[in-house]
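> Quick one: the structure is below, and I'll ask about it shortly.
The values are calculated or read from the model by the stated rules, or taken from the named source; none is laboratory data. If you're wondering where the values come from, they're calculated on a predicted model, not measured in any experiment. Here the Cβ is made from the backbone with ideal geometry for all residues, glycine too, and neighbour counts use every protein chain on show. For the accessible areas, the whole protein counts, side chains as well, though only heavy atoms, and no ligand, DNA or RNA atoms are used. Shrake-Rupley method; radii C 1.70, N 1.55, O 1.52, S 1.80 Å.
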Amino acid sequence: MNFSFELAIFGSTIAVLIIMGFLLYFFVQDYRKSLLSKEMETAPKEQANAYLSRIRRELSFSAFIMDDSKSIGIRYLITSLAFFFIAGLAGVGMRISLWYPNPSYLTPIQYNILLTEHGTLMLYGWATGSILGLGYYLLPSLLKIKKDSLGVLNSIMYWFFAVGGLLLIFSKSTASWYFYYPLTDQLTQAGGGQFSFAALIGVLFILTATCVASIIFLKMIFLDRDEKIRISSMSLFVWSIVATAILIISSAPISMIADGMVIYDLINPIYFTGANSTALGYAIMFWFWGHPIVYVAVIPAFGLIYELLPKYVGKPVYSYSSGVIALLLLMIFSGTVWGHHLFNSGLGTLWDMIFSTTSFIVAIPSAITVFNWIATIWSGKVKLTLPMMFILNAIVDFIIGGVTGVMQSDVGVNALIHGTYWVTAHFHFILLGVTTGMAFAAIYVLFPTFTGGRRYNSAMGKLHFYLTAGGTYVMTIPWALGGFEGMPRRVAGYFGIFQSYQDAAAIGGVILGIGQLIFLINFVYSAYKPVTISNDNILEEASS
Amino acid sequence: MKSKTLFELIWIVAVLIILTYAAVANLSYLSTQQQNIANPAGGDPPGVLINVTGYQWAWQFTYNNGTVMTDKLVLVANTTYTIVVTSKDVIHDLYIPQFGVQVYAVAGHPNKVSFTPNKPGTYIMECVEYCGEFHYEMRGEVVVLS
């Protein structure tokens, strides 16, 4: 046989990859050993992992090969931050393109691709991913867990999540994050995009990971925690994770089934067409999960506010029991309101009556939560640090977002503002102010731990806060005003009468984008300064 | 009673009163003004009937006398109309902001809604359920004649 040059290149590449893989594994094992204490070095993996996930841990790419809970948390945090910046870039691109009433530098198809990526990645990649990350990272130290099993399962589920996110990015789907039935199955550029089914598979991957992670959270909380921590004295962040996990497990599978049925309908359309069903069947199954996911995104942020607020006010939470009850009521009621997304779809007056009433009811636990925070602030003295600024902004944003939200429960008002930028303004107030704001607050609090004892640049941090908070208002208030006049959302172009609102929102969007760049610069710049403080943080204080 | 318990009771009761008022107002609107919100088509709709079909990416209005108009709806003031809305392909959503009229267009599930324009003028009309490439061009005008 002749000497084959290609075969030689191929063989040596594989050999180099194997050697690199071996070296990587060796270095990571070395790093893991350096983290373990003397007596843990010979302990079984379950106990060694439990030890690893209780101690303070730095951000490190070694986490991608280790499988204790803290490493999994770090993986989710890094990945979800990456998704956040990709999706944020898509959002800013959309804003700039909407400067003129007619599509300017983005064609409608390009705009729709960015629309879909922004929605799916922000919700599934950033909101869900950052919550999973913070859950995996904080729960073991807050609960002082005794054993950390199922690391391999956690690891596989993380890769499901990462691949799902990549599928969402590269599928170039234009079906928007609803993936409503007939549109998703139109495999053309003008319809749902040629590969919209790949995006659906990505969503399925992410939801699988989310469900499994939720079950593991519940296992950690109820089975693996230290006996000394009684259920009645668990921290409120842990309670918020309980509520979130139950909400995910009870609603996400319905949407996963619907996604599977849509994929099957591509080959053989039987489920959402024909005599027994209409396209609304998919919408109903989708919103059964589509509404709970927004509560999934905010309830852990509530938990973080409960957790951090007392530390900057100097007083314990005003009422622990009403906090827990409000979180659990939120969990129960938020599973019953999803029908309000379909008020105008002609499902009947009774449907509207039931779901508008439940939507009013869900405001009660939200109000209890807000009053609890206000009473906590009232009873103490505020120390205005950077995380505290994010918390105060989150409370204000949640009040505005909540009031603009509960207004939509009225069916008559809903016919006026459903499908307009009013709705976009409502959930951006909450998702930007509460979910994203509290994720950043947690990152700032954990920064010394993440970087092994370094301090972030306070001036840049404050600038990040002001640009984020200010940009949110500059962007969403014009949306709300325009939405009340009938400015439709998800459009690549619009009537000229709405241009002033869109231009103001574009300026807000650019301000927001610049703010996040400053966060990135601050993070990288501060992470390589010399070590000046201890690597402790107030969020994990309970463990020590 | 301890002041803390009193305080908590006040904030729960106050919220309950406001929300109950809003919920009852909403329920009474729903039970008296049923024809003004989207409902499945059928029965004996009040006023003049207009059939509306949404398709990618335009609205088609068919009057009783056979007149067909695309992306333009002409009405007469102080007359009650009932529109029956359906779709040829994906889900659309007909929205006339100034009238507070909004109704989904779903293939195989026709919906109706009634309204009475009372002020002559020109208004806008849009599709507000995302429906593909030229979703934003699925819009038109509503002219109300005196």
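> Per residue and in cubic angstrom, what volume does the convex hull of the Cα atoms of segment A:1-105 have? Please report the intermediate quantities before stating the final value.
On the way: hull volume 19.9 nm³, N = 105.
Dividing the Cα hull volume of segment A:1-105 by its residues yields 189 Å³.
> Gap in Å between the Cα centre of segment A:209-268 and the Cα centre of segment A:482-544?
About 28 Å separates the Cα centre of segment A:482-544 from the one of segment A:209-268.
> Rounded, prolate or oblate, given the Cα gyration tensor of segment B:36-145, with a/c below 1.5 counting as rounded?
In terms of gyration-tensor shape, oblate.
> Which value in Å does the Kirkwood hydrodynamic radius of segment A:65-234 take, with 1/r averaged over all unlike C-alpha pairs and then inverted? Don't jump to the answer; show the numbers that get you there.
On the way: mean 1/r = 0.0581 Å⁻¹.
It is 17.2 Å.
> Give the percent of DSSP beta bridges with both residues in the protein assembly as shown that are antiparallel, rounded to the nearest 5.
70
> Can I ask one more? For the pair A:Val531 and A:Lys462, how long in nm is the line joining their label points, each one 7 Å along Cα→Cβ?
Using points 7 Å along Cα→Cβ, the separation is 2.9 nm.
> Would you rank A:His464, B:His109 by solvent-accessible area, highest first, keeping every protein chain in place and using a 1.4 Å probe?
The most accessible residue leads, giving B:His109, A:His464.
> Would you rank A:Phe205, A:Phe161 by solvent-accessible area, highest first, keeping every protein chain in place and using a 1.4 Å probe?
A:Phe205, A:Phe161
> So, R0 is 56 Å and r is the distance between the beta-carbons of A:Trp378 and A:Tyr264; what FRET efficiency does that work out to, to 0.05?
That gives a FRET efficiency of 0.50.
> Then there is this: In square nanometres, what is one fourth of the surface area of the convex hull spanned by the alpha carbons of chain A? Mind dumping the intermediate values first?
On the way: hull surface 117.8 nm².
Convex hull of Cα atoms, orientation-averaged projection: 29.5 nm².
> Moving on to the next point. Count, for each residue of B:108-115, the Cβ atoms from other chains sitting within 10 Å of its Cβ, then give me the mean as a whole number. Spell out each step's value before the answer.
Working: counts 8, 8, 1, 4, 1, 3, 0, 0.
Average per residue, whole number: 3.
> Further question on the same structure: Given axes a ≥ b ≥ c from the Cα gyration tensor, I'd like to know whether segment A:485-536 is rounded (a/c under 1.5), prolate (a/b larger than b/c) or oblate.
Verdict is prolate for segment A:485-536.
> How high is the FRET efficiency from B:Val48 to B:Lys119, r the C-beta distance, R0 22 Å, rounded to 0.05?
0.80
> How well do other chains shield peptide A:418-424, expressed as the mean number of their Cβ atoms within 10 Å of each residue Cβ?
Details: counts 6, 9, 5, 0, 0, 1, 0.
If you average over the peptide's residues, the count of other-chain Cβ atoms is 3.
> Still on this structure, I have one more. On average over all directions, what projected area in square nanometres does segment A:417-544 have, based on the convex hull of its Cα atoms?
Working: hull surface 36.6 nm².
Mean projected area for segment A:417-544: 9.1 nm², to one decimal.
> Would you give the gap between the C-alpha center of segment B:27-102 and the C-alpha center of segment A:351-416, rounded to a whole Å?
Segment B:27-102 and segment A:351-416 have Cα centres spaced 35 Å from each other.
> Give the residues of segment B:16-31 whose amide nitrogen is closer than 18 Å to a point set 7 Å from the Cα of A:Leu350 in the direction of its Cβ.
B:27-28, B:30-31
> Mind checking the angle between helix B:3-32 and chain B's longest principal axis? C-alpha axes, 0 to 90 degrees, to the nearest 10.
Taking Cα atoms only, the helix is inclined about 30 degrees.
> Need one number: buried accessible surface between chains A and B, 1.4 Å probe, both sides summed, DNA, RNA and ligands left out, in Å² to 100.
Summed over both sides, the interface buries about 4600 Å².
> Ignoring ligands, DNA and RNA, please state the percent of accessible area on segment A:417-544 from carbon and sulfur, probe 1.4 Å.
It is 70 percent, rounded to a whole number.
> About the Cα centre of the protein assembly as shown, how large is the charge dipole given +1 on each Lys and Arg Cβ and -1 on each Asp and Glu Cβ? Please answer in debye to the nearest 20.
Magnitude of the dipole: close to 1940 debye.
> When ranked by the protection proxy of mean other Cβ atoms within 10 Å per residue, highest first, what sequence do the peptides A:173-179, A:132-138, A:44-50, B:70-76 form?
Working: A:173-179: 25.6, A:132-138: 27.4, A:44-50: 17.4, B:70-76: 15.4.
The most tightly packed comes first, giving A:132-138, A:173-179, A:44-50, B:70-76.
> Here is a follow-up. Other chains' Cβ within 10 Å of A:403-415 residues: what's the mean?
Taking the mean over all residues of the peptide, I get 4.
> Could you pull out the pairs from A:Lys383/A:Lys462; A:Lys38/A:Lys147; A:Lys33/A:Lys144; A:Lys38/A:Lys219 whose alpha carbons sit more than 26 Å apart here? Please report the intermediate quantities before stating the final value.
On the way: A:Lys383/A:Lys462 15 Å; A:Lys38/A:Lys147 18 Å; A:Lys33/A:Lys144 21 Å; A:Lys38/A:Lys219 28 Å.
Distance filter (> 26 Å) returns A:Lys38/A:Lys219.
> Straight distance only, please: which lysines reach the Cα of B:Lys2 with their own Cα at less than 25 Å, same-chain residues fewer than 8 apart left out?
Cross-link targets: A:Lys315, A:Lys381.
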